[in-house]
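Contents: one structure, followed by commentary.
The values are calculated or read from the model by the stated rules, or taken from the named source; none is laboratory data. From a predicted model like this one, the values you see are computed outputs, not experimental measurements. Here Cβ is always computed from backbone atoms with ideal geometry, including for glycine, and neighbour counts include all displayed protein chains.
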């Protein structure tokens with residue numbers, strides 16, 4: 001589907017973009033891949049990596065600017081929406097700015113994609129959008145709902161929207177693994193709560209889920225990758241085995257455990273070999289055989305949470321991953 005196409009990724013200079021761009025160039029050989037973002041320095045640095053690849057283009061712009069989005073989307077076939085204000089404390093203390101990017105930005109992108117005749121759009125979501133306890137999660141839940149509704153909002157246009165949802169991206173800039181590693185030589189790591197658990201996913205797995213969504217989507221689906229969990233104390237041990245733990249308490253807006261599928265979604269959630277798919281309740285889309293596509297309906301009381309997960313990552317597995325990826329952790 002993506003072969004010889006034109007693709008645009010919003011927020012493309014972030015951690016996800018640094019994984020998505022080279023992987024997609026290698027696998028699908030698109031005609032054009034546009035990185036749309038507002039930070040000129042990050043674009044300048046990223047452009048150096050692709051100075052000899054004419055397929056990769058850079059477009060300065062903000063998802064808050066609908067006119068700029070419309071210009072950038074001219075001739076684009078597929079869009080990955082990765083732009084977001086996503087640091088939980090930042091969102092809590094700057095709520096207006098978070099809403100402008102995560103909610104109004106989503107609305108702008110939906111309108112612009114429909115107007116420009118984009119074929120398919122996949123938006124990145126987060127585990128924090130399921131039963132949200134913080135503003136970031138609430139804005140991403142709103143964004144998810146907007147992208148789902150975009151499939152009926154598009155009218156007779158062929159533009160279709162879907163969402164992918166996953167948890168903590170291992171080693172991404174600003175995440176807990178590089179944070180713990182940066183403090184390893186201090187001998188003490190600040191741990192919020194000894195009971196806390198988190199989902200763990202690699203950037204490569206996140207990219208693969210995007211590809212799967214593009215290939216499978218009819219419109220309105222939320223794709224949830226099956227991934228392992230870890231206790232936060234085990235993450236700390238994997239990053240700095242000799243360091244002591246200073247329990248500092250949960251930050252504003254944080255959850256003790258993360259959730260990707262809540263009980264309210266169970267009646268229209270289907271299971272597959274490597275992922276779950278939450279189908280929209282509106283327009284009876286949840287009973288559409290094309291959207292179900294061979295999935296198995298989960299139990300009525302099903303939840304997918306980081307503390308009740310069937311799969312757990314061991315400390316040794318985390319350490320092996322750190323050893324293999326040490327040069328890139330926290331860089332993008």
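Key figures for this structure:
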item	result
When residues of segment 294-332 are limited to those that are part of a helix (DSSP H, G or I) and within 22 Å of the chain's Cα centre (by Cα), the one nearest to residue 198 (Cα to Cα)	318
The listed residue being farther than 24 Å from residue 329 by Cα and either within 20 Å of the chain's Cα centre (by Cα) or modelled with pLDDT of 95 or more (or both), out of 258, 221	221
Identity of the residue in segment 117-140, out of contact with any strand residue (DSSP E or B) (no Cβ under 9 Å at 6 or more places or on another chain) and surrounded by fewer than 19 Cβ atoms within 10 Å (Cβ to Cβ), that ends up farthest from residue 208 (Cα to Cα)	133
Members of segment 268-279 that are surrounded by fewer than 21 Cβ atoms within 10 Å (Cβ to Cβ) and closer than 9 Å to residue 298 by Cβ	270, 271
Residue match in segment 174-190 (condition: assigned to a loop (DSSP other than H, G, I, E, B) and crowded, with 20+ Cβ neighbours inside 10 Å)	no
Segments classed as helices (runs of 4 or more DSSP H), wholly inside segment 79-162, with at least 1 members that are over 22 Å from residue 61 (Cβ atoms)	88-93, 95-99, 135-153
Test: residue in segment 38-57 that is touching a helix residue (DSSP H, G or I) at 6+ places or on another chain (Cβ under 6 Å), within 17 Å of residue 76 (Cα to Cα) and modelled with pLDDT of 95 or more	no
Qualifying residue in segment 217-231 (condition: surrounded by fewer than 17 Cβ atoms within 10 Å (Cβ to Cβ), in contact with a helix residue (DSSP H, G or I) (Cβ under 9 Å, 6 or more places away or on another chain) and closer than 30 Å to residue 8 by Cα)	yes
Subset tally (residues that are surrounded by fewer than 13 Cβ atoms within 10 Å (Cβ to Cβ) and on the phi < 0 side of the Ramachandran plot) for segment 283-305	7
Index of the failed condition, residue 70 passing every other in (1) surrounded by 15 or more Cβ atoms within 10 Å (Cβ to Cβ); (2) part of a loop (DSSP other than H, G, I, E, B)	(2)
Of the criteria (1) at pLDDT below 95; (2) surrounded by 16 or more Cβ atoms within 10 Å (Cβ to Cβ), which one residue 89 fails	(2)
Selection status of residue 11, more than 20 Å from residue 116 (Cβ to Cβ) and surrounded by 23 or more Cβ atoms within 10 Å (Cβ to Cβ)	no
Any strands (runs of 3 or more DSSP E) falling wholly within segment 197-293 and containing at least 3 residues that are over 30 Å from residue 28 (Cα atoms)	229-231, 244-247
